[in-house]
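Comments concern the structure below.
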Amino acid sequence: MHLLNLGILAHVDAGKTSLTERLLHSVGVIDEIGSVDAGSTQTDTLALERRRGITIKSAVVSFALDDVTVNLIDTPGHPDFIAEVERVLGVLDGAVLVVSAVEGVQAQTRVLMRTLQRLRIPTLVFVNKIDRRGARYEGVLRQIAERLTAAVVPMGTTTGLGTRDARFTAGPGSAALDVLAGQDDDLLAAYVDGTLSAARLRAALGDRTRQALVHPVYFGSAVTGAGVAELMAGIEELLPAAGGDPDGPVSGTVFKVERGPAGEKIAYVRMFSGTLRTRDRIPFADAREDGRITAISVFDHGTDLRRDAVRAGRIAKLWGLADIRIGDALGEPRKADDHFFAPPTLETVVVPGPGTDRRALHLALTQLAEQDPLIDLRYDEIRREMSVSLYGEVQKEVIQATLADDFGLAVGFRTTTPLCVERPAGTGAAAEFMKEDANPFLATVGLRVEPAPAGSRVGFRLEVELGSMPYAFFKAVEDTVRDTLEQGPHGWQVADCVVTMTHCGYAPRQSHAHQGFDKSMSSTGADFRGLTPLVLFEALRRAGTTVYEPMHHFRVEAPADTLGALLPVLAALRAVPRATETQGGGCVLEGVVPADRVHELEQRLPGLTRGEGELESVFDHYAPIVRGTPPSRPRTDHNPLSRKEYLLNVTRRVGG
């Protein structure tokens with residue numbers, strides 16, 4: 001029996017969780033199919049998920065499919081919870097992408113498919129809801145080929161579309177040959193000379209599917225069960241088994257963290273290599289002590305069972321790792337993409353309600369940030385304010401409800417604002433030397449700041465000899481540079497720059513007398529951590545910085561006769577149309593719009609298009625704010641913009 005870690009992904013309301021329920025019922029894991037509307041599904045266990053009828057947190061459930069053990073991971077479909085999907089993608093062997101036979105390919109479907117293709121995750125497509133009125137076959141296949149991928153193979157035909165008697169009959173027919181022959185000259189030659197067998201064609205389909213070069217498409221209904229048996233056969237036959245040597249070096253990835261009844265951390269891990277055992281000590285993350293595993297549960301036969309060990313290929317829950325975080329590598333780290341999807345582009349201040357204790361709120365938000373690092377909790381000690389990063393407005397509702405339900409804390413929010421960044425406008429350099437220029441620190445630091453290409457984040461380099469002072473001091477400077485750049489001159493994170501250390505110096509323990517220092521004094525890491533922000537901000541001041549706001553690419557499909565009403569609204573939202581295409585009675589409008597205006601566009605679109613408009617938006621780039629005063633963000637640090645204020649906050653040695 002081999003393993004398969006399978007993800008179920010979809011645009012919200014395509015029927016992803018309902019399909020999960022049908023699969024679990026079909027293999028005997030559950031006796032009765034739960035209802036999303038009734039809040040009785042197996043994988044939506046949060047009270048809020050049951051109330052709203054949407055998936056918010058990924059959930060794992062295991063079942064046997066003949067000789068395959070499937071760990072099925074149900075993921076959120078709403079774009080506000082795309083970070084939860086991101087964490088799951090890195091642990092999958094294969095995926096099923098669910099599309100609605102009524103609505104067709106929707107905005108989130110395109111985002112998901114692009115990412116699945118980039119990561120080369122073998123993917124089957126399941127077109128759900130063929131029993132619903134308005135269900136389509138040819139039209140949806142055409143949309144999949146045009147909007148998702150041309151390499152699709154319909155695995156059968158449908159009858160009775162739009163009725164409770166809708167059925168799916170397996171048999172890929174000539175479609176498989178057309179797609180596969182275009183990728184394989186030998187297969188084409190075998191067909192031409194009449195030696196191509198059905199078995200060889202089927203084997204070629206499996207091979208190309210496992211390489212993520214072809215995507216078989218099944219039709220069916222999670223409600224009636226039509227097409228589900230055929231999909232299950234495809235999962236078993238066409239998707240690859242989990243790899244990994246159980247006797248190799250330990251390597252795993254944590255993709256989810258939750259809290260148990262006693263407040264203990266529970267880490268969900270996918271093992272890629274080796275075997276973890278109870279009482280093992282395992283390294284994870286940088287500069288932290290090894291963690292000791294106190295208990296293991298392995299997913300198997302519909303539940304998670306306590307075991308003494310977890311082997312390569314499996315997914316397990318681990319106890320005992322108090323400092324574990326989502327994304328941590330256990331043992332040997334794997335090469336991985338930092339982010340599959342764009343980071344959050346919005347933020348809001350969390351406002352405590354009447355009677356809500358601020359310390360309790362801070363603790364609760366800290367725990368939520370453990371489960372979703374992209375929440376990025378930010379605490380302003382001066383104003384005693386807490387802010388969180390967001391993908392959208394629904395995420396605010398979920399945070400609010402979670403704080404109320406799980407922690408008994410009432411909160412509100414301020415208006416959502418864009419999460420800007422700063423970039424150096426030019427090159428700037430500065431340096432401060434020991435015992436010169438009123439420098440109160442036993443350290444010499446010189447830094448140069450230069451712009452770097454968009455998307456390159458922050459680079460740190462040395463123009464001084466690595467052996468010219470203890471490595472710990474260089475590390476203190478680099479770490480402080482990265483921490484300081486979290487808040488630039490305007491308060492936003494400084495990105496896409498290179499910082500070069502041009503000068504360094506320290507006071508060793510044996511050589512103070514001739515320098516005029518007390519013999520008991522020598523440089524420490526604190527000196528370099530204290531001086532670096534002052535030097536860095538002087539370099540930034542000389543370079544100058546530009547504030548950039550996040551921009552989304554949008555695509556609107558609407559009736560052509562509504563274009564006249566749409567354009568003035570887009571202009572008022574500072575959207576910039578870049579392409580317009582009219583097709584019959586419809587039109588497609590593409591362009592860019594500020595991230596903080598997307599929600600308003602979503603709200604206004606139905607009224608402008610008689611309810612027929614569809615909006616797809618995704619983060620595209622950061623654009624410079626060139627008009628008016630750049631937006632600023634309140635500082636939460638010791639403010640290196642003001643030397644006097646900074647030194648009063650950081651050190652009492654303000655003489656010089």
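May I ask you to work out the translational diffusion coefficient for segment 144-225 at 25 °C, viscosity 0.890 mPa s, via Stokes-Einstein with Rh from the Kirkwood sum over Cα pairs, reported in whole µm²/s? Mind showing how you got there, number by number?
Working: Rh = 13.9 Å.
D = 176 µm²/s.
Taking only the Cα atoms of segment 392-485, how large is their convex hull per residue, in Å³? Mind dumping the intermediate values first?
On the way: hull volume 20.5 nm³, N = 94.
Given the Cα convex hull of segment 392-485, per-residue volume reads 218 Å³.
Given the protein chains as shown and a 1.4 Å probe, how many square angstrom of Glu600 are accessible, to the nearest 10?
Solvent-accessible area, nearest 10 Å²: 70 Å².
Using only DSSP helix segments of four residues or longer, with each worth -39500 (n - 2.57), what per-residue ellipticity at 222 nm results for the chain after dividing by its residue count and rounding to 500? Numbers along the way, then the final one.
Working: 16 runs with 174 residues, N = 656.
When only DSSP H runs of four or more count, the value is -8000 deg cm²/dmol.
Calculate, in whole percent, how much of the Cα-Cα pair population of segment 579-656 lies beyond 20 Å.
Working: 1836 of 3003 pairs.
For segment 579-656, the fraction of Cα-Cα distances above 20 Å is 61 percent.
Name the residue from Gln106, Cys420, Ala401 whose Cα lies farthest towards the positive end of the charge dipole of the chain, charges +1 on Cβ of Lys and Arg and -1 on Cβ of Asp and Glu.
Cys420
Name all residues of segment 352-376 having a backbone nitrogen under 16 Å from the label point set 7 Å from the Cα of Gln493 along its Cα→Cβ direction, giving them as ranges.
369-370, 372-376
Could I have the simple spin-label model distance between Thr427 and Arg200, label points 7 Å from Cα toward Cβ, reported in nm to one decimal?
The two pseudo-label positions are separated by 6.3 nm.
Using only alpha carbon pairs under 8 Å that are at least six residues apart, calculate the relative contact order of segment 588-656 and give it in whole percent. Before the final figure, lay out the partial values.
On the way: 20 pairs, mean separation 10.3, N = 69.
The value is 15 percent.
Using a basic spin-label model with each label point 7 Å from the Cα along Cα→Cβ, how many nm lie between Ala571 and Asp193?
Going from the Ala571 label point to the Asp193 one covers 6.7 nm.
Restricting to bridges with both residues inside the chain, how much of the DSSP beta-bridge set is antiparallel, in percent to the nearest 5? Walk me through the intermediate numbers first.
Numbers: 100 of 131 bridges.
Rounded to the nearest five, the antiparallel share is 75 percent.
List the pairs from Lys256/Lys335; Lys317/Lys396; Lys16/Lys256 whose alpha-carbon separation is above 23 Å, in the order I gave them. List each step's numbers first, then the result.
Working: Lys256/Lys335 19 Å; Lys317/Lys396 28 Å; Lys16/Lys256 20 Å.
Lys317/Lys396, as the Cα separations exceed 23 Å there.
Where the Cα atoms of segment 535-613 are projected onto their three principal axes, how long is each span, largest first, in whole Å?
So the extents along the principal axes, rounded to whole Å, are 61, 22, 15.
Summarise the accessible area of the chain (1.4 Å probe, protein heavy atoms) by the percent that is carbon and sulfur. Walk me through the intermediate numbers first.
Details: 14050 of 29050 Å².
On the chain, the fraction of accessible area on carbon and sulfur atoms equals 48 percent.
To one decimal place, what orientation-averaged projected area in nm² is obtained for the convex hull of the Cα set of segment 209-289? Spell out each step's value before the answer.
Details: hull surface 38.4 nm².
Computed as one quarter of the Cα hull surface, the answer is 9.6 nm².
In whole Hz, what ³J(HN,Hα) sequence does segment 379-385 give by Karplus (6.51, -1.76, 1.60; θ = phi - 60°), x for Gly and Pro?
Running phi through 6.51 cos²θ - 1.76 cosθ + 1.60 with θ = phi - 60° gives 10, 9, 5, 5, 8, 6, 10 Hz.
Calculate the FRET efficiency for Glu332 and Asp561 from the Cβ-Cβ distance with a Förster distance of 45 Å, rounded to the nearest 0.05. Mind dumping the intermediate values first?
Numbers: r = 60 Å, r/R0 = 1.33.
The pair Glu332/Asp561 has a calculated efficiency of 0.15.
In whole Å, what is the distance between the alpha-carbon centres of segment 584-641 and segment 148-186?
Between the Cα centres of segment 584-641 and segment 148-186 lies a distance of 39 Å.
Hey, can you rank 463-474, 198-209 by average C-beta count inside 10 Å, highest first?
198-209, 463-474
Cα convex hull of segment 200-353: mean projected area in nm², to one decimal? It would help to have the intermediate numbers written out before the result.
Numbers: hull surface 59.6 nm².
Projected area, direction-averaged: 14.9 nm².
Counting only heavy atoms of the protein chains, get the accessible area per residue of segment 195-251 (1.4 Å probe) and round it to a whole Å² value. Spell out each step's value before the answer.
Working: 2100 Å² over 57 residues.
Computed with neighbouring chains in place, this is 37 Å² per residue.
Quote the Stokes-Einstein diffusion coefficient, in whole µm² s⁻¹, for segment 293-450, based on the Kirkwood radius over alpha carbon pairs, a temperature of 10 °C and a viscosity of 1.306 mPa s.
Working: Rh = 20.2 Å.
Rounded to a whole number, D works out at 79 µm²/s.
Please quote Rg/Rh for segment 150-283 to two decimal places, taking the Kirkwood radius as Rh and restricting both calculations to Cα atoms.
On the way: Rg = 21.4 Å, Rh = 18.6 Å.
Taking Rh as the inverse mean 1/r over Cα pairs, Rg/Rh reads 1.15.
On alpha carbon coordinates alone, what is the Rg over Rh value for segment 175-214, Rh being the Kirkwood radius?
Details: Rg = 9.3 Å, Rh = 9.9 Å.
So for segment 175-214, dividing Rg by the Kirkwood Rh gives 0.94.
Hey, any idea what Rg/Rh is for segment 438-555, computing Rh the Kirkwood way over Cα pairs?
Details: Rg = 16.9 Å, Rh = 15.6 Å.
Using Cα coordinates only, the ratio equals 1.08.
Starting from the Cα-Cα distance between Glu264 and Ala360, subtract it from 0.36 nm times their residue separation and give me the gain in nm to one decimal. Before the final figure, lay out each step's value.
Numbers: separation 96, 0.36 × 96 = 34.56 nm, distance 1.72 nm.
Gain on extension, Glu264 to Ala360, equals 32.8 nm.
Which of the aspartates and glutamates could be linked to Lys644 by a straight reach, that is with a Cα gap under 16 Å, when you skip same-chain ones fewer than 8 residues away?
Here the aspartates and glutamates satisfying the reach criterion relative to Lys644 are Glu432, Asp437, Glu538.
Bin width 5 Å, alpha-carbon pairs only: give the P(r) of segment 348-407 as whole percents, running from 0 to the bin holding the largest distance.
4, 17, 33, 30, 13, 3
Could you give the angle, 0 to 90 degrees to the nearest 10, between helix 598-608's Cα long axis and the longest principal axis of the Cα atoms of the chain?
The helix 598-608 is inclined about 40 degrees to the chain.
If you take the alpha carbon radius of gyration of the chain and divide it by 2.2 N^0.38 Å, what ratio comes out, to two decimals?
On the way: Rg = 28.2 Å, N = 656, 2.2 N^0.38 = 25.9 Å.
Against the empirical 2.2 N^0.38 Å value, I get 1.09 for the chain.
How large is the dipole of the chain about the Cα centre if only Lys and Arg carry +1 and Asp and Glu carry -1, each at its Cβ, rounded to the nearest 20 debye?
That gives a dipole near 1300 debye.
Given a cut-off of under 8 Å on Cα pairs at least six residues apart, what relative contact order in percent is computed for the chain? Don't skip to the answer; put the middle values down first.
Numbers: 1418 pairs, mean separation 63.7, N = 656.
Computed value for the chain: 10 percent relative contact order.
Given labels modelled 7 Å from the Cα in the Cβ direction, how far is it in nm from Arg457 to Asp405?
Label at Arg457, label at Asp405, 3.4 nm between them.
The values are calculated or read from the model by the stated rules, or taken from the named source; none is laboratory data. Note that this is a predicted model, so its numbers are computed, not measured. Backbone-built Cβ (ideal geometry, glycine too); neighbour counts: all protein chains shown. Ligands, DNA and RNA are excluded from the accessible area calculation, which covers all protein heavy atoms including side chains. Shrake-Rupley method; radii C 1.70, N 1.55, O 1.52, S 1.80 Å.
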